[in-house]
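Following: one structure in structure tokens, then a few remarks.
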Amino acid sequence: MTIAVCAVICGADGWVAIETYGCAKYEWLQTFLELPNGIPSHDTFARVFAQINPRQF
């Protein structure tokens with residue numbers, strides 16, 4: 001979620017753009033996130049956000 005929020009603030013407008021942002025900022029993101037499996041794929045971002053209730057978010 002943190003990667004997606006940062007990416008959208010920086011202008012990402014879709015799941016592929018969010019993944020691309022994460023890959024480009026990987027070293028910086030690792031300074032405050034544990035990323036043992038690297039940056040999630042665009043499909044993973046889509047699946048996670050599909051499960052979130054917008055009202056609760």
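Where a number appears in this text, it was derived from the coordinates with a stated rule and is not lab data. It should be emphasised that the depicted structure is a prediction, and the values quoted were computed from it without experimental measurement. Glycine gets a Cβ as well: all are built from the backbone with ideal geometry, and neighbour counts include every protein chain shown.
Numbers below:
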quantity: Given charges at Cβ of Lys, Arg, Asp, Glu: the chain dipole, positive-most of 48, 32, 22; calculated: 48
quantity: Virtual paramagnetic centre 7 Å along Cα→Cβ of residue 16, amide N under 14 Å, in the range 43-57; calculated: 43
quantity: CD proxy at 222 nm, helix term only [per DSSP H run n ≥ 4: -39500 (n - 2.57); per residue of the chain; nearest 500]; calculated: -14500 deg cm²/dmol
quantity: DSSP-loop GluC sites (Glu not before Pro) across the chain, with at most 12 other Cβ within 10 angstrom; calculated: 34
quantity: Debye intensity ratio I(q)/I(0), log10, the range 2-50, q values 0.16, 0.21, 0.22, 0.23 Å⁻¹ (C-alpha model); calculated: -0.37, -0.65, -0.72, -0.78
